[in-house]
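Structure, as structure tokens:
The values are calculated or read from the model by the stated rules, or taken from the named source; none is laboratory data. Just so we're clear, the structure is a prediction, and the values are computed from it rather than from any experiment. Every residue, glycine among them, receives a Cβ derived from its backbone with ideal geometry; neighbour counts consider all protein chains shown. We work out accessible area using only protein heavy atoms, side chains counted, and drop any ligands, DNA or RNA first. Shrake-Rupley method; radii C 1.70, N 1.55, O 1.52, S 1.80 Å.
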Amino acid sequence: SLIEVKPGQSFLRILARHAAHAGAPLVLMNSDRTRADSLAALEHIRREEPGLVVQDFLQHMMPKVSQQDLSPARWPESPDHEWYPPGHGDLYAALHSSGTLAALLQAGMRYLFVSNSDNLGAVLDEGILGYFVKRGLGFLMEVADRTPADRKGGHLALTRAGGFILRESAQCPEAEREAFEVIDRHRFFNTNNLWIDLLELSKVLAAGLPALPLIRNAKTVDPTDPESPPVYQLESAMGAAIGIFPRAAALRVPRRRFAPVKTTSDLLVVRSDAFHVTSEGHLAPHPGVSHHTIVELDARFCGRLPDFERRFLSPTPSLRECRRL
């Protein structure tokens, strides 16, 4: 969230501007590794956005598991690397254990809009909020049409009982991989833009922490050292809660509400003139751009941010008329 998107503007700076403009508190789920830096950055941002209300809470830390014998991983050279934040599915447990859920309800807050900090297309929309409230939902997931670029990402599925589940690529058996990637069969993907009724969430949690499906990710104990011992990280997806709430639904939204930056290829697009930041703090396609720009940079030379920064000096090349690079 502290990476620069536009000159002098980080993800967090744009998010804060949008929250201040919308008159809504900004709540961050931090980990032990991100908290100090994000709060320090917010101290500067608050001076520019005096109406901004910010609070944060910490997610949990879990031990990495050795792939060799499934014991807790050990790395004496840097013991911090033995632990990891267990994915955004930790949202519900962390909201509860930190006291944040109770504090929000006590302050009169009823509805929570959740999104990834790297998705600046996810902005507060009063129309969606009104739809959510009017239907009396406890949980709403925004989904978008899958394109060939999304074929490897998680998708929404129906159970035989007619309920929703979220199916991630890491949960797909290898024999079903080809079918998983058929976008005409599995048409909608999870944007990770979620709307939650906090009162309903408190009722769900009163019965115990939700057992979200686990995702096993293979990593190395030191993420910067590919030669360090192999480990597993057990994570969960916050969107998987769509299978737990009694009144859950999905809403098909336009692609403009999904503009994530997961790779340096994505970063190049949003840094370019194909996107601009509005006065309300929205990162949006330039008014003259009606197509989706696809960029694929060679990870050997541009996969890491420092390498990318060395090769793409300011100003960023114009991509306003580019469809594919």
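Details
- Options S98, S78, S115, S66; residue that is within 24 Å of the chain's Cα centre (by Cα) and in contact (Cβ under 8 Å) with a residue 60 or more places away in the chain: S115
- The stretch 55-83 - residue that is in contact with an Asp or Glu (Cβ under 7 Å, 6 or more places away or on another chain) and in a loop (DSSP other than H, G, I, E, B) and, of those, surrounded by the fewest Cβ atoms within 10 Å (Cβ to Cβ): S78
- Each residue in the stretch 105-131 was checked for being part of a loop (DSSP other than H, G, I, E, B) and open to solvent by 10 Å² or more (accessible area, probe 1.4 Å), and 11 of them qualify.
- When residues of the stretch 31-51 are limited to those that are of a type in the set (A, V, I, L, M, F, W, C) and in contact (Cβ under 8 Å) with a residue 24 or more places away in the chain, the one surrounded by the fewest Cβ atoms within 10 Å (Cβ to Cβ): A41
- Residue list for the stretch 1-39, restricted to those being part of a helix (DSSP H, G or I) and of a type in the set (A, V, I, L, M): L12, I14, L15, A16, A19, A20, A22, A36, L39
- Top-ranked residue of the stretch 1-30 - restricted to ones that are of a type in the set (S, T, N, Q) and either open to solvent by 60 Å² or more (accessible area, probe 1.4 Å) or closer than 22 Å to D90 by Cα (or both), ranked as modelled with the lowest pLDDT: S1
- L91 satisfies every condition listed in (1) without any contact (Cβ under 8 Å) to a residue 60 or more places away in the chain; (2) in a helix (DSSP H, G or I) except (1).
- Checking P246, P287, P254, P317 one by one, the residue that is open to solvent by 30 Å² or more (accessible area, probe 1.4 Å) and more than 30 Å from V114 (Cβ to Cβ) is P317 and no other.
- For the stretch 194-211, the set of residues classified as open to solvent by less than 20 Å² (accessible area, probe 1.4 Å) and either aromatic (F, W, Y) or touching a helix residue (DSSP H, G or I) at 6+ places or on another chain (Cβ under 7 Å) (or both) consists of L194, W195, L198, L201, L205, listed by residue number.
- Screening T278 on (1) modelled with pLDDT of 95 or more; (2) open to solvent by less than 50 Å² (accessible area, probe 1.4 Å) shows it passes everything except condition (1).
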